[in-house]
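Student: The structure that follows is given in the form of structure tokens.
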Amino acid sequence: MNWNKCTAIERHPAKVSGTWVFRGTRVPVYALFENLREGASIEQFLDWFHGVEEWQVKAVLDHEVKALRE
């Protein structure tokens, strides 16, 4: 999967040890999947992780769905 094509996220070696994060934040993308796995809603995730925007969450999920269909 090529996360470089998803504009909602970014990765820099000096930012959260190079982990993929939501662009403009320090929130790791894996936090979204962990929280969804534990039963959180997208709305709850957005409440808990300030700075992440709904369009970013949807873009990450859409990117994942597209990759799984390939």
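Student: Gaussian network model of the chain, Cα springs within a sub-10 Å range: biggest mean-square fluctuation belongs to which of Arg23, Arg37, Arg11?
Tutor: Looking only at Arg23, Arg37, Arg11, the biggest GNM fluctuation is shown by Arg37.
Student: Can you give me the pair-distance distribution of the chain, C-alpha pairs, 10 Å bins, whole percents?
Tutor: P(r) over the chain, rounded to whole percents: 20, 55, 24, 1.
Student: Also, quick follow-up: Report the net charge of residues surrounding Phe33, where surrounding means a beta-carbon distance below 15 angstrom and charges are Lys +1, Arg +1, Asp -1, Glu -1.
Tutor: Details: positive: Arg37, Lys58; negative: Glu34, Glu38, Asp62, Glu64.
Summing Lys/Arg as +1 and Asp/Glu as -1 gives -2.
Student: Related question: Between Leu36 and His12, what is the label-to-label distance in nm when each label sits 7 Å out along the Cα-to-Cβ direction?
Tutor: 2.6 nm
Student: If you don't mind, there's one more thing I want to ask. Among Leu32, Ala67, Ile42, whose Cα sits farthest toward the positive end of the charge dipole of the chain (+1 at Cβ of Lys/Arg, -1 at Cβ of Asp/Glu, about the Cα centre)?
Tutor: Ala67
Student: If you place +1 on the Cβ of every Lys and Arg and -1 on the Cβ of every Asp and Glu, how big does the dipole about the Cα centre of the chain come out, in debye to the nearest 20? If you can, show how the numbers build up before the last one.
Tutor: Working: 9 positive and 10 negative charges, 71 e Å.
Its charge dipole is roughly 340 debye.
Read-outs: derived from the displayed coordinates by stated rules, not from any lab. Every value quoted in this text rests on a predicted model; they were computed, and no experiment measured them. Reconstructed Cβ throughout: ideal geometry from the backbone, glycine too, with neighbour counts over all protein chains shown.
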